[in-house]
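A short write-up of the structure that comes next.
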Amino acid sequence: METRKGSAVTESNSPARDATWDIARGIGMALVIYGHFLEPVYPARPEIGKAFIESAFSQWQLIYSFHMMLFFLVSGAVNRNLPKKAWPDVVRGSLRLLALAWIVHLLGMIVVFSLGNMPATPWQAVVAVFDPIVEGYCWSVGVLWFLTALCFVQLLAYFLLRHLPAIAVVAGSMVLTAVVVYFDAPNQYLFRTWMPGLSFFALGYLFAQLQIRWPVWLCIVLLGALVFLAPLNSGCAYTLHNACEQFGSGPFGVRMFGGSYGFLPLFFVTSFVGAIAVVCLSAGLARFKASAILAYMGKSSLDLFVINGFVATFLPSYIAQFDWSQLTALRYLAIGLGLIAAHLLVQRVLRRGLKLLDTAALKIAGGMTALINRPQG
């Protein structure tokens, strides 16, 4: 995510900083915005005569097969000095993400109540507001799951990368993902996302240490492979056959926030293929000045993430009311670009307010860090 002055878990901001990772995160943010638009577009709604839209679903399924794991990979790559940082700095930077989730959740609850979704009793209202803060999930603004998960992934990465090779953390986290899924672990504080997130965070850290030169031509091969592989995930954790019933009768798409990954080996393969395809493309785009807008989106991803969270939470019911069956490839592209432009415009208009939110999150994180590290006795 974006780093502002005062943040504790900081990213490298040296003059020689490689724009590849900023561009990759910017592309990831564009995919988040577009994917959240597609999600209410494709489902069938027989009550209004709306049919299932295969073209929208195929795009959504492809994007969701890798895009959030891309963020974890980029976060690891830009924090290659994480194991060398002081513990209080790491705690403060990680808790900043969690504190921001709390603040945005409270704003989301204001919107929920203002829309007339007021609980029947005052006690139910208190529970609705504070239970997500206590349990760390079921946020009023859905995208906050990623900030919650990244907070704990960074803390785990700090401890593990100080003592283990990055490749061991990658492999171990993937194995533990299977354990978590097999035992259907609870998802408080998005626990089910920690292990896969950690695996790609450590992978990004490893790539940054190795300073790999990414060939741009490889993105074409990888994107072709992703188009072939993503639809193969039927939703069953241990088979490619569509034999499990836990995900219902509808078509499957990865929903990382709920720990729904489908066939785990394929999930990791598509995540890797898609993420590296974006990184290779970003390495090529970094040579051109026109990529500055994507780099800006990458650096501003935290702001854009918050803005899109409200869009993705409160507008889908309105989007789903329209018949989108006549969308062509050109119209999909135009809508996607329009949505990105609208998010950037809102980000510019709200930049002072968004900065205040981040400042408040930093102060809360600072206070919590001082409390945690207070000398005993």
Quick one: in segment 151-166, of everything that is touching a Phe, Trp or Tyr at 6+ places or on another chain (Cβ under 7 Å) and buried (at least 22 other Cβ atoms within 10 Å of the Cβ), which residue is nearest to I307 (Cα to Cα)? V153
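Would you mind finding the one in R213, R192 that is surrounded by fewer than 13 Cβ atoms within 10 Å (Cβ to Cβ) and either part of a helix (DSSP H, G or I) or at pLDDT below 95 (or both)?
Selected residue: R213, the only one of R213, R192 that is surrounded by fewer than 13 Cβ atoms within 10 Å (Cβ to Cβ) and either part of a helix (DSSP H, G or I) or at pLDDT below 95 (or both).
Let's see how each residue does on (1) of a type outside the set (A, V, I, L, M); (2) at pLDDT 95 or above:
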| position | (1), (2) |
| --- | --- |
| K289 | yes, no |
| V306 | no, yes |
| G309 | yes, yes |
| F314 | yes, yes |
| A320 | no, no |
| W324 | yes, no |
| L330 | no, yes |
Can P119 be described as out of contact with any Phe, Trp or Tyr (no Cβ under 8 Å at 6 or more places or on another chain) and in a loop (DSSP other than H, G, I, E, B)? yes
Within segment 28-42, identify whether any single residue is surrounded by fewer than 20 Cβ atoms within 10 Å (Cβ to Cβ) and in a helix (DSSP H, G or I), and answer yes or no. no
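Given the options V169, V181, V127, V104, name the one that is out of contact with any Phe, Trp or Tyr (no Cβ under 9 Å at 6 or more places or on another chain) and either among the β-branched types (V, I, T) or within 29 Å of T239 (Cα to Cα) (or both).
Values: V169 fails: out of contact with any Phe, Trp or Tyr (no Cβ under 9 Å at 6 or more places or on another chain); V181 fails: out of contact with any Phe, Trp or Tyr (no Cβ under 9 Å at 6 or more places or on another chain); V104 fails: out of contact with any Phe, Trp or Tyr (no Cβ under 9 Å at 6 or more places or on another chain).
Exactly one residue qualifies, and that residue is V127.
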Is there a residue in segment 132-146 that is at pLDDT 95 or above, farther than 25 Å from M29 by Cα and crowded, with 23+ Cβ neighbours inside 10 Å? no
Just to be sure, is L62 over 13 Å from the mean Cα position of the chain (by Cα), crowded, with 21+ Cβ neighbours inside 10 Å and part of a helix (DSSP H, G or I)? yes
Sort through A44, A99 and tell me the only one that's touching a strand residue (DSSP E or B) at 6+ places or on another chain (Cβ under 7 Å) and either without any contact (Cβ under 8 Å) to a residue 12 or more places away in the chain or more than 27 Å from G338 (Cβ to Cβ) (or both). A44
Residue check, L229 of a type in the set (A, V, I, L, M), touching a Ser or Thr at 6+ places or on another chain (Cβ under 9 Å) and in a helix (DSSP H, G or I): yes
Of the residues in segment 273-293, how many are crowded, with 20+ Cβ neighbours inside 10 Å and under 16 Å from R348 (Cβ atoms)? 0
Among the candidates V112, V127, V134, residue that is under 22 Å from I33 (Cα atoms) and either part of a helix (DSSP H, G or I) or hydroxyl-bearing (S, T, Y) (or both): V112
Please verify whether F252 is assigned to a loop (DSSP other than H, G, I, E, B), under 30 Å from W21 (Cα atoms) and either at pLDDT 95 or above or not polar (S, T, N, Q) (or both), treating the condition exactly as stated. yes
The condition from (1) at positive phi; (2) without any contact (Cβ under 8 Å) to a residue 12 or more places away in the chain; (3) of a type in the set (A, V, I, L, M) that L190 misses is numbered (2)
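The values are calculated or read from the model by the stated rules, or taken from the named source; none is laboratory data. Computed from a prediction, not measured in an experiment: that's the story for all the values here. Cβ: placed from backbone, ideal geometry, glycine included. Neighbour counts: every protein chain shown.
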